[in-house]
Amino acid sequence: MKKTLLTVAITCAFSVFGQIPNYVPTNGLQAFWPFTGNANDLTANANHLTNNGATLIADRNGVANAAYSFNGSGNYLEKTTPSFVFSPTGTFSVSFWINRPSTTGGVAMMSGSGTANNFIWLFSGGAANNTFGTNKQQSAWIWANSPYAVNQWEHYVCMFINGVMRIYRNGVLETSATYSHTGALSTVLPFYI
C-alpha cells in the first residue's frame, strides 16, 4: 500500500522557503508547493504546476507572492501527469490553507477525469460547508463535510485511510465517511487546484 502525502496551499501558503521546512513530514511526501512566487514543487518529484490564470497574492502572514487567488470561473493550477497515483485501497492525505471570500461554491482541488470507473477525489466548497469527496467515476459521491468561516484563513487536512475519509479543520476532526465502491481503477490522473 503506497502512502501519498501532498502539502498544498489554495489561497494561502507558507513563508518563503528554499527547501522543505522541517515541520513538513517527508516520509511518503509526493509534492510540496509553498507558492514562493511560482507553483513549483520543492520535492525531487518535480510535480510543478502549470498556472492557468491564477494570481499571486500575499499569504496569511502577509508575505507577498506566496499564495494564489482564483477568480472562480476558469483560473486554476494543474499537473497533467503527476508522479503520484491515488487508489481506493491506498492511503493519502492532503494538507492546505484556504480563505473563502464568499459562500459561492466550487471545486478547490481535485484529482480526476471524466473516464468511467476511475478512482477520483476532490475538495469543494458549497454554500453550507466544505466537502472532501471520493468517487468511482460515474457513481455516487461519498462526502465528508465541514463547516467553514468566510474571509478567514483555515487549515484543512483531508485523509483517506483504508477507505475511511476524514476531514480536519484547524486541527479538529469535523467528520468522517466510508468509501464503499468496489472495482475502481487507479491510474495517473490530472491534479488541479
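Evaluating 6.51 cos²θ - 1.76 cosθ + 1.60 at θ = phi - 60° for every residue in the range 62-68, the Karplus couplings come out as x, 6, 5, 6, 10, 7, 10 Hz, glycine and proline recorded as x.
The Thr103 and Ile161 beta-carbon pair, evaluated with R₀ = 22 Å, returns a calculated FRET efficiency of approximately 0.15. Amide H to amide H distances under 5 Å link Leu173 with no residue, where only residues 5 or more positions off or on other chains count and H is placed in the peptide plane.
The fraction of all Cα pairs in the range 123-188 landing in successive 5 Å bins from 0 to the largest distance is 4, 17, 26, 24, 14, 9, 5, 1, 0, given as whole percents.
The phi torsions of the range 157-174, fed into the Karplus equation with coefficients 6.51, -1.76 and 1.60 and a -60° offset, translate into couplings of 10, 10, 10, 10, 9, 6, x, 9, 9, 10, 10, 10, 10, 6, x, 10, 5, 8 Hz, rounded to whole numbers, with Gly and Pro shown as x. Dividing the Cα radius of gyration of the chain by 2.2 N^0.38 Å, with N the residue count, gives 0.96. With Cα atoms as the point set, the radius of gyration and Dmax of the range 76-177 evaluate to 13.3, 37 Å.
Summed over the residues of the chain and divided among them, the accessible surface reaches 44 Å² per residue at a probe radius of 1.4 Å.
Across Ser139, Ser73, Ser95, mean-square fluctuation computed from a Gaussian network of the chain (C-alpha pairs under 10 Å connected) peaks at Ser73.
Springs between alpha-carbon atoms under 10 Å, Gaussian network over the chain: tell me which of Val24, Val107, Val85 tops the mean-square fluctuations. Among Val24, Val107, Val85, the largest mean-square fluctuation in the Gaussian network model of the chain belongs to Val24.
Apolar share of the accessible surface for the chain: 50 percent from carbon plus sulfur atoms, 1.4 Å probe. Put simply, the Cα atoms of the range 65-136 extend 35, 30, 22 Å along their principal axes, the longest span coming first.
Residue by residue, the range 98-106 carries 3J(HN,Hα) couplings of 8, 10, 8, x, 7, 8, 5, x, x Hz when phi is fed to the Karplus relation 6.51 cos²θ - 1.76 cosθ + 1.60 (θ = phi - 60°); x denotes Gly or Pro.
Looking at the chain, the DSSP beta bridges with both ends there are about 85 percent antiparallel.
The values are calculated or read from the model by the stated rules, or taken from the named source; none is laboratory data. Fair warning: this is a prediction, and the values are worked out from it, not measured in the lab. Don't worry about glycine lacking a Cβ; one is built from the backbone with ideal geometry, like all the others, and counts go over all protein chains shown. Accessible surface is based on the protein model in full, side chains and every heavy atom, while ligands, DNA and RNA are left aside. Shrake-Rupley method; radii C 1.70, N 1.55, O 1.52, S 1.80 Å.
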